[in-house]
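Remarks on the structure that follows.
The values are calculated or read from the model by the stated rules, or taken from the named source; none is laboratory data. What you see is a predicted model, and the numbers here were worked out from it, not measured in a lab. Backbone-built Cβ (ideal geometry, glycine too); neighbour counts: all protein chains shown.
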Amino acid sequence: MIQWHLDLYGEFSAICIALQVGPDSGAHDSWSDYLQRYIKWSRGDQNKNSPINPYRNPDLVENVYVWETSRKVPRLWRLNAQTGTIDSASVRPDLSRALDRLQKHSANLAVALRAWQSADQDRDTNEMSGTASLRSSAITGWQFDESVPLIAHPEVRNSDSTPVDWIVIQFDRKTIRARILPTLVRRYFGGPIGLDFNVAVVATGNPTRIIYSSVAGFGSQDADAYDSVMNLFGPPPESLEGQFWQTIKNSEALESEQWRSFSAPVWFPTIEYGAADSSWMLVVQSRHGPLQAVVGRVRRQNLAISALVLLLLAFNMGIAAVAGFRAQRFADLQMNFVASISHELRTPLSVLHAAAENIKDGVVLRHGNLERYGSLMMSQTRQLMSHVDRILLYASIRSGKTHYNMRVLDVSEIIQRVAIATEELMKESKCTLVQNVAPELPCVWGDLYALCSCLENLITNAVKYSGKHRDVSISAAHCRTADGQDEVRISVKDRGVGIKHSELANIFEPFYRSPAANAAQIHGTGLGLFVAKHVAEAMGGRLSVTSEVGVGSVFTLQLQARHPATMNSQPLDHQRQEVL
């Protein structure tokens, strides 16, 4: 029964995990972000790094709404996965009571997280709200209304003390009754020739309703007639009733009577409109033997679970050991970085000091020499500023305080700015920057300074590792991905020393420098590629690399294309992102 319930919970919570709604996510995500995640989940779009979700059943979700209660006049929006739009929606009669309840509990986050409680419940709300605020997972804050059924989550748009909006997910009753419940019953209560148990899901109340029954008429008996009864919703984990499972964990054995009627181990907090709790009950009656035989099997399963827990503990210890090793390795990289950056900063400072001393002592008098010294000092100053800017950007990335001014950008403008910014570097290194930009490229969406900085990092690296071939190329082209998405790819190519295949997985880590680069005494801090990768991902793109030792490397910045039609269809979302 517990496994059956956990799978049911997985079916209901799959959409929560897919939408990635968290207590503070509203400070970063727009409604269109949730729409895109809903579309991907509905269509089953996954990349190779996406975890496989066995509970992805889009037909279980009837509608996904946004209930904007932070407005003076609340508005209801519907996320339309079919058309990819956010449509205005009217309040349906079956939703009105639930939406009114959510609106009344939208004053701030603390109130919203307790919207499931009825006004006349005698609960320790201070303790529960404090616990709820500490919980952090993909299902934190979701609240269930069994009468619709639906789940809702508060969405903070400004701060915890301001009114919230709501993400509301309405489930399809027909899908629950006709497919989800029968499938789970066959999975956990079925045998070689049919069901081993009579199973029903009953909604308590006046009158009692049978939501599902494996046998006609089963589920209408008194509670004492069943072998076992389980409250599907159960108490929330924060409540005192929720400590039932902690008692089970600490007890050596349980009497069979304790298993006859019990609550499920976990569920969303259920919205309660009165003092009498309503719930769905799973009732089971064995068809082939006494309950003690079932209890015996459960005990054997518990032994197997205990063995699995021991294995998991051993596995966790192994993970902890690996994490300790990685932490030590990161500390070593940081120490190497301190030594490297000290050298990188001292070299231009020494040159600046020597040049200034020569000018002060009157060694340099002729105009031509003064001009040469000024150029030298500017070059070294620019190198110092580059190092300091990179360190400051790394610090802002690690602290999560990086801000970008997002707008529509012309790719040719980006490349032209990068070419001007690296002109002095090319002259000093006696390198040539070859540009190959395809005509009529679509625009991209991003921060001009950040993207230029990303490409300048790539070009600087290409110059440093170009070897005897003193030409670096930058190209831009319009491409279409395997899933039909338009993107612009900007590539920086060199014909230098290349990168070993074993090192490609590490080059984007902070402070990492290859042994070959250290042996060749090529200057660097190990932050350039890390910063470039972060910028690419912050712009909604990605940074990839292909390389061959002795042939060269190609770093490719892939950005989503923004056509005029696409930009005109989403002005509201862009405005919201700028404001946030």
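Within region 423-448, count every residue that is assigned to a loop (DSSP other than H, G, I, E, B) and under 22 Å from residue 559 (Cα atoms).
6
Looking at this structure, is residue 456 of a type in the set (Asp, Glu), in contact (Cβ under 8 Å) with a residue 12 or more places away in the chain and within 21 Å of residue 513 (Cα to Cα)? Reasoning before the result, please.
Numbers: of a type in the set (Asp, Glu): yes; in contact (Cβ under 8 Å) with a residue 12 or more places away in the chain: yes; within 21 Å of residue 513 (Cα to Cα): yes.
Yes.
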(message) With the requirement that a residue be of a type outside the set (A, V, I, L, M) and under 28 Å from the mean Cα position of the chain (by Cα), what does region 450-477 give you?
(response) 452, 453, 454, 457
(request) Determine which single condition residue 59 fails, assuming it passes every other condition in (1) of a type outside the set (A, V, I, L, M, F, W, C); (2) touching a residue at least 40 places away in the same chain (Cβ under 8 Å); (3) surrounded by 14 or more Cβ atoms within 10 Å (Cβ to Cβ); (4) under 28 Å from residue 178 (Cβ atoms). (result) (3)
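If you scan region 190-213, which residues turn out to be outside any strand (DSSP E or B) and in contact with a helix residue (DSSP H, G or I) (Cβ under 8 Å, 6 or more places away or on another chain)?
196
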(request) Test residue 538 against the stated conditions and say whether it is closer than 27 Å to residue 420 by Cα and assigned by TED's automatic domain parsing to the domain that holds residue 413. (result) yes
(message) Checking residue 455 against (1) touching a Leu at 6+ places or on another chain (Cβ under 9 Å); (2) part of a helix (DSSP H, G or I); (3) over 17 Å from residue 493 (Cβ atoms); (4) at pLDDT 90 or above: exactly one of these is not met. Which one?
(response) (3)
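Considering only region 480-499, I want to know if a residue exists there that is among the hydroxyl-bearing types (Ser, Thr, Tyr), assigned by TED's automatic domain parsing to the domain that holds residue 549 and not in a helix (DSSP H, G or I).
So the first thing to find is which residues in region 480-499 are among the hydroxyl-bearing types (Ser, Thr, Tyr), and the list is 481, 491.
From what is left, the residues that are assigned by TED's automatic domain parsing to the domain that holds residue 549 are 481, 491.
From the residues that got through so far, the ones that are not in a helix (DSSP H, G or I) too are 481, 491.
Yes; the residues of region 480-499 include at least one that is among the hydroxyl-bearing types (Ser, Thr, Tyr), assigned by TED's automatic domain parsing to the domain that holds residue 549 and not in a helix (DSSP H, G or I).
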(request) Could you tell me whether residue 148 is touching a Gly at 6+ places or on another chain (Cβ under 9 Å) and either at pLDDT 80 or above or among the aliphatic types (A, V, I, L, M) (or both)? (result) no
(request) Only residues that are assigned to a helix (DSSP H, G or I) and farther than 17 Å from residue 171 by Cβ: list them for region 102-113, please. (result) 103, 104, 109, 110, 111, 112
(message) Pairs please, first residue from region 191-217 and surrounded by 11 or more Cβ atoms within 10 Å (Cβ to Cβ), second anywhere and assigned to a loop (DSSP other than H, G, I, E, B) and aromatic (Phe, Trp, Tyr), Cβ atoms under 8 Å, 6+ apart in sequence or on different chains.
(response) 198/218; 199/218; 200/218
(request) Give the residues of region 413-446 that are among the hydrophobic types (A, V, I, L, M, F, W, C) and closer than 14 Å to residue 459 by Cα, sorted by residue number. (result) 414, 415, 418, 419, 420, 421, 425, 426, 431, 433, 434
